[in-house]
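The values are calculated or read from the model by the stated rules, or taken from the named source; none is laboratory data. Quantities reported herein were computed from a predicted structural model and do not represent experimental measurements. Here Cβ is always computed from backbone atoms with ideal geometry, including for glycine, and neighbour counts include all displayed protein chains.
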Amino acid sequence: MPGSSNGRDIRMAEKTDQELIHGAQRGDRASFSLLVERHYRFMFKVAWQWGGIREDAEDIAQEASMKLAGHIGDFRFESAFTTWLYRLVINTAKDYYKVKNRKNSREGQLFEDVDYVSPELSPEEKIMSKDVLKAIAELPETLRETIILVCWQQLSHKEAAEALQCQEGTISWRVHEARKKIAESLDMKKKGKSYE
Amino acid sequence: MNEPELDKILPRLHAPEPSKEAQDRALKSALEAFDKNPGGASQKTRLLDIDDIKKRLMQKRYVFSCIGGAALACAVLVFFSPVNHGFIPENTQETLFSAPAVSGGSGGMASNAIADSIVTTTASPPSLLAPILCLLALSAVAFGIRYFYNKRKQKEKSEAHPPGAPPESLTHRVLLKIIYLFPDVVGAGSLFTIFLAVLRSLLIKFNGSKVYSIVDDRSNPAAGASSSHASLLSIFYVVALCALAVGVRYFYRKRKQEKNSRLAKKD
């Protein structure tokens, strides 16, 4: 019956993440499917912010979804689901690039398809934004993941510390270091441009 | 870059929308993975069965460690054996066996004295303490190198590895293999020697001095002359052990491949 099926879909859609996770942990396929659908965009976004290439981000999101299927039973509700998911996606992205760098397969221009939300950004600001993104991509892994979570995903230092399994103090230090490195990188680019 | 500037720019940059095809593909593979393992029960919590243990033991790392460890243990034992390395020179052994024939003369007395002292040294089984200590020291060095290498690698990894970094060179990879495998080999060698020492002390305890010839022919003065035979024998044992391990691994892998191809045909 199509009517009852629609009703069931609506009931499923109304379920909270917690109910869906419980369902998936019991082996309920529909709950898991909805959970992936609900969080796919988020996984893709984190993956893209990590690597800066759309195709890579899609691959990483797919691998992360598969990992989620294998590890959903490990989620113990000790932290927010999204915090746990950040960790999963970032780890998947690290593994992905480890293999990719070994194979040296696909090359691409980083952050080519960035979507500017504010149309009022001037062309100079747009160029600067791209430089900033490139500087982020060149950061060491630990600093990069911190700056993505704190400055881009707007997580508090406490939440970022939970996601990255470290102390809040470490997060503060990493953010400070990352800002310093980004500033240095931008200065070098400016100098390079002025010489040209 | 000051703080407000970065905090102002980044949240205004949004990721592109993922394609519908990619989303469907991800959902499909996630559901396939979920069907294989409903509930996402972690593999870690599953108890090991005999197949898992077999699979783990057949890993290249364990096979190489066992073979290498046994070979290293034999080599170290041969190196530390008193006969081969001047503890009992060949001519002294000749004196030792010819001494009783000479009687009365001062030379004969001297030969007897040497013979007595050598009999005292060789009558007790040669200590395995030196090879064990040597192997343990080597293990400590090898594990230390691996530990510090890992630390350095972690540091390097956290410093700069942007996507698109060049792949590692072949020499670097070979060096990496050696750094990772050598501690296991030396560790296995130490364990093997310790096991041999324990086995020997048990045999001595239960069978008395008769076992010297079983455990180490070189400790028996009568067998001193055949030290080269003993070395050859130990090399033979090592080669046989290597062949056995490689053979077992080969047949295990072949059987596994056949099993996989049968399953693939069924599918």
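Name every residue in region A:72-87 that is surrounded by fewer than 21 Cβ atoms within 10 Å (Cβ to Cβ) and at the interface with another protein chain (Cβ under 9 Å from one of its Cβ atoms), in order of residue number.
Matches in region A:72-87: A:Gly73, A:Asp74, A:Phe75.
Any residue in region B:141-154 that's over 13 Å from B:Leu175 (Cβ atoms): show its pairings with residues that are surrounded by 13 or more Cβ atoms within 10 Å (Cβ to Cβ) at Cβ separation under 7 Å, as long as the two are six or more apart or on different chains.
B:Ala142/B:Phe182; B:Ala142/B:Pro183; B:Ala142/B:Val186; B:Phe143/B:Pro183
Report every pair of residues separated by at least 6 positions or lying on different chains whose Cβ atoms are under 6 Å apart, first residue within region A:164-180 and not assigned by TED's automatic domain parsing to the domain that holds A:Asn91, second surrounded by fewer than 16 Cβ atoms within 10 Å (Cβ to Cβ) and assigned to a helix (DSSP H, G or I).
A:Glu168/A:Lys158
Checking the condition modelled with pLDDT of 85 or more, within 14 Å of another protein chain (Cβ to nearest Cβ) and surrounded by fewer than 19 Cβ atoms within 10 Å (Cβ to Cβ), which residue from A:Arg38, A:Arg54 passes? Please lay out each step first, then the result.
Details: A:Arg54 fails: surrounded by fewer than 19 Cβ atoms within 10 Å (Cβ to Cβ).
Criteria check complete, one pass: A:Arg38.
Suppose we filter A:Ala69, A:Ala93 for residues that are over 15 Å from A:Glu159 (Cα atoms), without any contact (Cβ under 8 Å) to a residue 60 or more places away in the chain and at the interface with chain B (Cβ under 8 Å from one of its Cβ atoms); which single one remains?
Details: A:Ala93 fails: at the interface with chain B (Cβ under 8 Å from one of its Cβ atoms).
Of A:Ala69, A:Ala93, the one residue that is over 15 Å from A:Glu159 (Cα atoms), without any contact (Cβ under 8 Å) to a residue 60 or more places away in the chain and at the interface with chain B (Cβ under 8 Å from one of its Cβ atoms) is A:Ala69.
Going by the conditions given, is A:Ile60 farther than 21 Å from B:Leu10 by Cα and facing chain B (nearest Cβ under 7 Å)? Step through it out loud before you land on a result.
Values: farther than 21 Å from B:Leu10 by Cα: yes; facing chain B (nearest Cβ under 7 Å): no.
Spelling it out, it is not the case that A:Ile60 is farther than 21 Å from B:Leu10 by Cα and facing chain B (nearest Cβ under 7 Å).
For residues that are facing chain B (nearest Cβ under 10 Å) and surrounded by fewer than 18 Cβ atoms within 10 Å (Cβ to Cβ), tally how many sit in region A:143-184.
Total meeting the criteria: 5.
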